[in-house]
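The values are calculated or read from the model by the stated rules, or taken from the named source; none is laboratory data. Owing to the predicted nature of the structure, the values given are computational and were not obtained by experimental measurement. No Cβ is skipped: glycine too gets one built from the backbone with ideal geometry, and neighbour counts run over all protein chains shown.
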Amino acid sequence: MNWLLNVVVMIQILAALVMIGLVLVQHGKGADMGASFGSGASGSLFGATGSANFLSRSTAVCAAVFFICTLALASLSNDRSRPSTGSVLDRPVSSAPAASVPLSGAAQIPGGAVPAPATTPAVPAVPASGAAAIPKN
């Protein structure tokens, strides 16, 4: 199956490169529009341009090959397993396992340090500054 994917990718790349080359070689429809005002070389300004030439037909074939390869790649790369019968609503619900202890803070960061258990901070007997001498109202 892998070799088939590689072949389809190579055909798609080749078709894309050939299509880019063919588009760059062709001249645009606007090239004849300027000639119609001055020299009259073009048959009509916005009318039919006649039958398609070899380059435009080759571009259409390359575009068709490119789109067919794209659809083939989309169908070949779909590797999901399909249920045998029934819809999504008929399947049983799979529940996630419940977490034992919710983590918070640095414990949620991978590789972070686990915080120490919360304890009450020790209050010094003598304040370090004169802030304790300020009366509170």
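Please determine, by comparing only the residues of the stretch 45-74 that are part of a loop (DSSP other than H, G, I, E, B) and surrounded by fewer than 10 Cβ atoms within 10 Å (Cβ to Cβ), which one is modelled with the highest pLDDT. Can you show your working first?
Taking the stretch 45-74 and keeping what is part of a loop (DSSP other than H, G, I, E, B), we get 45-53.
Add one more test, that the residue is surrounded by fewer than 10 Cβ atoms within 10 Å (Cβ to Cβ), and what stays is 45-48, 50-51.
Details: Leu45: 52, Phe46: 51, Gly47: 51, Ala48: 55, Gly50: 56, Ser51: 61.
My answer is Ser51.
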inquiry  = Report every pair of residues separated by at least 6 positions or lying on different chains whose Cβ atoms are under 6 Å apart, first residue within the stretch 2-16 and more than 13 Å from Ile68 (Cβ to Cβ) and free of Cβ contacts under 8 Å to residues at least 40 places away in the same chain, second of a type outside the set (S, T, N, Q) and assigned to a helix (DSSP H, G or I).
reply    = none
ask   = Among the residues of the stretch 75-91, is there at least one that is in a loop (DSSP other than H, G, I, E, B), in contact with a Pro (Cβ under 9 Å, 6 or more places away or on another chain) and at pLDDT 70 or above?
value = yes
